[in-house]
Number of protein chains: 4
Amino acid sequence: MFFGSDNTSGVHPEVMQALVKANDGFAPSYGSDPIMDEVRARVRDIFEAPDAAVFLVSTGSTANVLSLATFCAPWQKIYCHPLAHISTDECGAPEFHTGGAKLALVDGADGKISPDALRATIGATAQGDVHAVQRGPLSITNVTELGAVYSPAEVAKLCAIAKEWDLPCHLDGARFANALVASGATPAEMTWKAGIDVLSLGGTKNGLMGVEAVVIFDPEKAWEFELRRKRGGHLFSKHRFLSAQFLAYLTDDLWLTMARHANAMGGRLAQGIVGLPGGALLHPADANMVFAALARAAHMAARSAGAVYYPWPRDWPANGPKDEPLTARLVCSWSTTGEDIDRLLQAARG
Amino acid sequence: MFFGSDNTSGVHPEVMQALVKANDGFAPSYGSDPIMDEVRARVRDIFEAPDAAVFLVSTGSTANVLSLATFCAPWQKIYCHPLAHISTDECGAPEFHTGGAKLALVDGADGKISPDALRATIGATAQGDVHAVQRGPLSITNVTELGAVYSPAEVAKLCAIAKEWDLPCHLDGARFANALVASGATPAEMTWKAGIDVLSLGGTKNGLMGVEAVVIFDPEKAWEFELRRKRGGHLFSKHRFLSAQFLAYLTDDLWLTMARHANAMGGRLAQGIVGLPGGALLHPADANMVFAALARAAHMAARSAGAVYYPWPRDWPANGPKDEPLTARLVCSWSTTGEDIDRLLQAARG
Amino acid sequence: MFFGSDNTSGVHPEVMQALVKANDGFAPSYGSDPIMDEVRARVRDIFEAPDAAVFLVSTGSTANVLSLATFCAPWQKIYCHPLAHISTDECGAPEFHTGGAKLALVDGADGKISPDALRATIGATAQGDVHAVQRGPLSITNVTELGAVYSPAEVAKLCAIAKEWDLPCHLDGARFANALVASGATPAEMTWKAGIDVLSLGGTKNGLMGVEAVVIFDPEKAWEFELRRKRGGHLFSKHRFLSAQFLAYLTDDLWLTMARHANAMGGRLAQGIVGLPGGALLHPADANMVFAALARAAHMAARSAGAVYYPWPRDWPANGPKDEPLTARLVCSWSTTGEDIDRLLQAARG
Amino acid sequence: MFFGSDNTSGVHPEVMQALVKANDGFAPSYGSDPIMDEVRARVRDIFEAPDAAVFLVSTGSTANVLSLATFCAPWQKIYCHPLAHISTDECGAPEFHTGGAKLALVDGADGKISPDALRATIGATAQGDVHAVQRGPLSITNVTELGAVYSPAEVAKLCAIAKEWDLPCHLDGARFANALVASGATPAEMTWKAGIDVLSLGGTKNGLMGVEAVVIFDPEKAWEFELRRKRGGHLFSKHRFLSAQFLAYLTDDLWLTMARHANAMGGRLAQGIVGLPGGALLHPADANMVFAALARAAHMAARSAGAVYYPWPRDWPANGPKDEPLTARLVCSWSTTGEDIDRLLQAARG
């Protein structure tokens, strides 16, 4: 009963099989492997973006920070939500890779950036003021860090505001597949058609071993990205093993199938939780993450039964409120089973 | 007949098996997996270094530059050979990760740093001169980039010179296993007993998919290293898959067995080449790399038969000398077969 | 009638005289000038800090960011007020010089950091969490950016909180002399006795041409600071001209005399403003800066009469509220005269 | 008898007078002072470059590194002479301000870069090789660090080579005035007509207190430079005092008059030295610097008489050869007198 994070799950068997298959014989290194050609073609096809540049890296932080560094000067601000992964979970990697850029936090409900707040924050920087950190890229996270999903229209609205100042737009899609199947939109609608210039296309949290793609819709930035990847230490010599994972991911809609399953599990969990003692959802459980309140006793019972998940947003029982209910984050993945969920619910029910 | 690099080889079957095995169920992420505990214990045991800090990363450049950044202030110099990987093949990753340190190149035969040149170069920086980039770590590469192997005594001699100025010593051991079996020394003799403070312990070039260990003999630096790894984007969420590879690597001496095989193939290739038309070795083929001259016709015949390897140090036929012989680098790995070598030699023989 | 900033004032005649005197003949460069020895001795004496390291630089931003970089690792946070100069007016210089550190903004009235908010903010970073930007120095500004003055007890309270986590404490004293004479405290009480580890000791805003001292109470950090100063491009070759200014500054209490005058002018201005139509103070005018509301008509009349000062916090008339009163910042300096103030008040009175 | 460096001289009286004059009353800060408008116009006129961007900073290192950072990506190389100030005397400031670029050293006689070596070095970087630090700007120093002066034709030849690869060209003109009067060329011929894109136009070594101009012939880079200057901590608040110095410098050819005098003194010194015991010139004394050999006894006699100058290239007597002659660097400035030189020569003659 592991609901701590989707990255505690393993690798989908078809992906593992692809690794075994890719291991046959010798192959050119550093991204010149023929499997990468297939990956590139597949991504361009899926995103209806025949000129897009496509690169693979091994962690989500890397996908984010190399993307942002390519689109953000050292003296610029990155507009993002206070809970964005780049703000809270990357130990300053964006600041490091950009050469000292700044995050400008723009709040909003359910992890979504408020359009009004975004316009106000961007507007607050005086044009041509050399004393101020300058305006830079917008970075949106979809699925948000609170489990909600932006619709293409919501993404488009934020990007349109950024574009009023000609600012580039980045999408942290560590859970892009989950957002996609939740919204019913196409990959193009969710990205470049809505104004996104560069996408971190997650794989690791959704059944891969450690691969994320970066999709740059403006290919002029491709060479700079390649240099930044190499210089960051992020260019794999035995690159075929990244390619093989990602090709399997995109074959026969495996990525969507896994995301659909994870989301279904998330829905089932959310539904169950509201029926529990003290049960309530803190945010819309649009995809595979559930933020919920639960009676203290229910938590304790679930934990005793072996359920693993994290208090949220504050730690408890140590620092939590003495009065119930206590709040927590529970995450489902491609490998979460209905049985896992039922056992959790049953345990919590007491 | 792939002799382009040891990183064009695949993954040893036992390593692949370990990955499959590690894929069972859920596991804690970001290095908290129990397999990592075994890796740590194993490395400490093998290196007779019970306090050493042990970390895994996915590329050799990363192992090098995070190690160096941890031991080098931004205003210091790193002393290394002009052909060191950090100097020629990492696109300035050391400069980036250290925050702008400088490489001071110290030449010497066969890719080895000359002790006299090292002492002269370190000594040339005036003590306490605020205008000068300051003295910093020594970085040695073993196996060298020209295929030679430093003995423990040779490593110790260089480290002793660095220690005259209290400078830390780094070993780029992308091919450490090959150096070890070639020298007959123990891991401890090749590292901390000779004065090495931090080791990039290669795995990728020797049968892994993409894992290198960093071994820091002074554990006080461990936390800074962890922060730099995270901040660089190099902390894997599904870390168990790095751990599993490295545990397999160190189990039943697999790492040494693979290196011994690669070295044996290197020796067989070197021996064969000197018997070919125009055949001669440019550097001692102490391990798995052979730098050799060969008649132009012999090269062409080998290439026609499908042999893949790189001209060295200059490109040919385009830019090479018109007069024979032409020089090249050929690399063997754990998966190179005697038959591969025989076919190459036979083809070259014409 | 210039009230735009204290840096629109010129240089005190005695300082200019000192420059002329220092220009006699040749002198050793890069800080080895004998005048610097006098400066160092004088600063140590005034601060009752016989071991303090003392350096001169030419801008306030430089004093701040070199100080902070010396006490802050790239992966740490600097705790400061949202209106701190390092946050709003240095174009990301702290991020650049630290190698990508982050500012953590801690609000509070009148530009002062709230002790409770400081403790909560520092405490919110989980100990040993490699995913988070780590705790780093506290930076206090005295006089604050809103014209208030911290008492030694208030400084000590904030430093004590930082010290609970062993964090270093920096004081941005661009207007330190103004704070000092306003508080009646000694230099030692305002700094190291209250827990300050490093001080930006302003001169430029208080009658110098372009010199600030950095006083490091822990001399172990001195050499690193020197290297950062040089590497930043901030070591003057004809350093005697910095030394001469600062020596004149500290001679016969010139720095205090000028600050006392500026504060007196600030008080006179504040007193006058509250008697004007719509007149009110937004913050305590403890030193030489006055933040005030005034009827729109009064502003317009003052401007027509030639008074120069800036709308605050928002620009007007363009973006200001249509309804009066409008708010502004007015700054006095060593060269502001009582006559200037009387003319301003008279004009505004209509 | 100070021949240690031209920066041990003071400030020309007319410059000091200009400072006093500029000190009258209040003035807009941060470069908005009206004197700066005059400086800009004067520089554009002198350089026949009506669109050039002109900025003032306070140290030569700053002029160099901000210029280079504006024209060099972090993953590029700067081609310069091994003795270039940016390589030997700035404590890694170029590496810091560029975000980790690398210096590629290209040797040549008398401190001049050899054209053949330049072409070979640039050519040695393989096009499109992501593993290599990429090609970047050329940086030339005129007067060279060994006292020789490049002719416009020599500058043009080097720039033309760089332009074969579309690389930008920087001129470190810390002693630009000395080079100009020595060559008899116009400022335009020495810079943009020869292919220079950005110029560090020295003032400090030639009679100013601490001001250098940066002239960017392509104004598209101006805004980035401004941001880098601010972010580096190099934007002066009381900027009028930089402007005033530079305006005096360019008024009535003061800069050229001072440089002509310094060069004349250099010539007189060089001529005298070759007549001394063991006297010989190591490099052509084209401007105000003399590199000379002299009998040990002659050195000792000069020193005893109070002459100050530095051993070059190695320290002596401690580390110098026991056998004569010993070599040294002697620098003249605007304030060196013929009498100083005669006294030195007489003393050395014994």
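The values are calculated or read from the model by the stated rules, or taken from the named source; none is laboratory data. Predicted model, so just to flag it, every value in this text is computed and none were measured. Cβ placement follows ideal geometry from the backbone for every residue including glycine, while neighbour counts extend to all protein chains displayed. All accessible areas refer to the heavy atoms of the entire protein, side chains included, with ligands and DNA or RNA removed. Shrake-Rupley method; radii C 1.70, N 1.55, O 1.52, S 1.80 Å.
Pairing chain A with chain B buries about 4100 Å² of accessible area. This figure sums both sides and uses a 1.4 Å probe. Note on surface exposure: D:R314, C:R42, C:R135 rank D:R314, C:R42, C:R135 by accessible area, highest first, 1.4 Å probe. In plain terms, the bigger the Kirkwood radius, the slower the diffusion; for the range C:19-133, with that radius from Cα pairs, at 10 °C and 1.306 mPa s, Stokes-Einstein puts D at 93 µm²/s. Within the range C:249-268, find all residues whose amide N lies under 13 Å from a label point positioned 7 Å from the Cα of C:E14 along Cα-to-beta-carbon. Only C:249-261 pass the distance filter.
Only helices enter this figure: runs of n ≥ 4 DSSP H residues, each worth -39500 (n - 2.57), summed and divided by the residues of chain A, yield -12000 deg cm²/dmol at 222 nm to the nearest 500. The rotation axis bringing chain A onto chain B passes closest to the chain A residue reported with its distance as A:S58, 3, by C-beta distance in whole Å. Of all the options A:Q127, A:Q76, A:Q271, the one that moves most in a Gaussian network model of chain A with Cα springs shorter than 10 angstrom is A:Q127.
The relative contact order of the range B:207-350 comes to 24 percent, based on Cα pairs under 8 Å that sit 6 or more residues apart. For the range B:112-157, the calculated P(r) over all alpha carbon pairs, in 5 Å bins from 0 to the bin holding the longest distance, is 5, 18, 23, 21, 13, 11, 6, 2 percent.
Put a dot 7 Å past the Cα of C:R303, heading toward its Cβ, do the same for B:R44, and the two dots end up 7.1 nm apart.
Largest accessible area first, the listed residues A:K157, C:K102 line up as A:K157, C:K102 when surface is computed with a 1.4 Å probe on the assembled protein chains.
The figure for C:I46 is an accessible area of roughly 40 square angstrom, using a 1.4 Å probe on the protein chains alone. Computed over every Cα-Cα pair of the range D:24-81 and binned at 10 Å starting from 0, the pair-distance distribution P(r) comes out as 18, 35, 33, 12, 2 percent. Across identical copies of the chain, B:E14 has label-point separations of 3.3, 8.2, 8.3 nm, listed in ascending order, with the point defined 7 angstrom from Cα along Cα→Cβ.
When the convex hull of its Cα atoms is viewed from all sides, chain B shows a mean projected area of 17.8 nm². For chain C, the solvent-accessible area of protein heavy atoms averages 33 Å² per residue (probe radius 1.4 Å; ligands and nucleic acids excluded).
Please check which bits of the range A:67-81 a label hung off A:E220 would reach, taking the label as a point 7 Å along Cα-to-C-beta and the cut-off as backbone N under 19 Å. Residues passing the 19 Å test: A:67-74. Checked against a 32 Å cut-off, the cross-linked pairs B:K102/B:K157; A:K205/D:K77; A:K205/C:K221; B:K193/D:K77 give Cα-Cα distances beyond that limit for A:K205/D:K77; A:K205/C:K221; B:K193/D:K77. Which residue fluctuates most in the GNM of chain B (Cα springs below 10 Å): B:D340, B:D315, B:D197? The residue that fluctuates most here is B:D315. Within a straight-line Cα-Cα reach of under 17 Å, A:K230 can be paired with the following aspartates and glutamates, leaving aside sequence neighbours fewer than 8 residues apart in one chain: A:D33, A:E212, B:D89, B:E90, B:E95, B:E212, D:D129. C:L254 contributes an accessible area of around 10 Å² to the protein surface, as traced by a 1.4 Å probe with all chains present. Sorted from nearest, the other copies put their C:G350 label points 7.1, 9.1, 10.7 nm away, the label point being 7 Å from Cα in the direction of Cβ.
Can you list the residues in the range C:15-41 whose accessible area drops by at least 40 Å² when all protein chains are present, compared with the chain alone? Use a 1.4 Å probe, heavy atoms only. Residues shielded by partner chains are C:M16, C:N23, C:F26, C:Y30. Across B:Y249, C:Y310, the residue with the most accessible area heads the list, and the full order at a 1.4 Å probe is C:Y310, B:Y249. Inter-copy label distances at A:P313, using a point 7 Å along Cα-to-Cβ, come to 2.0, 5.8, 6.1 nm with the shortest given first. In the frame of its principal axes, the protein assembly as shown has Cα extents of 84, 83, 54 Å, reported largest first. Which value, in Å to one decimal place, does the Kirkwood hydrodynamic radius take for the range B:258-350 when every pair of different Cα atoms is included? Answer for the range B:258-350: a Kirkwood hydrodynamic radius of 12.9 Å. At an R0 of 60 angstrom, the distance between the Cβ atoms of D:K157 and B:T186 translates into a FRET efficiency of 0.55.
For chain A, relative contact order (Cα pairs under 8 Å, six or more residues apart, normalised by length) works out to 23 percent. For D:T337 and B:Q127, a Förster radius of 41 Å and the Cβ-Cβ distance give a FRET efficiency of 0.70, rounded to the nearest 0.05.
Rolling a 1.4 Å probe over the protein chains gives B:D37 an accessible area of about 90 Å².
What does the charge add up to near C:S9, with Lys and Arg as +1, Asp and Glu as -1, over the other residues with Cβ less than 12 Å from its Cβ? Here the count lands on 0.
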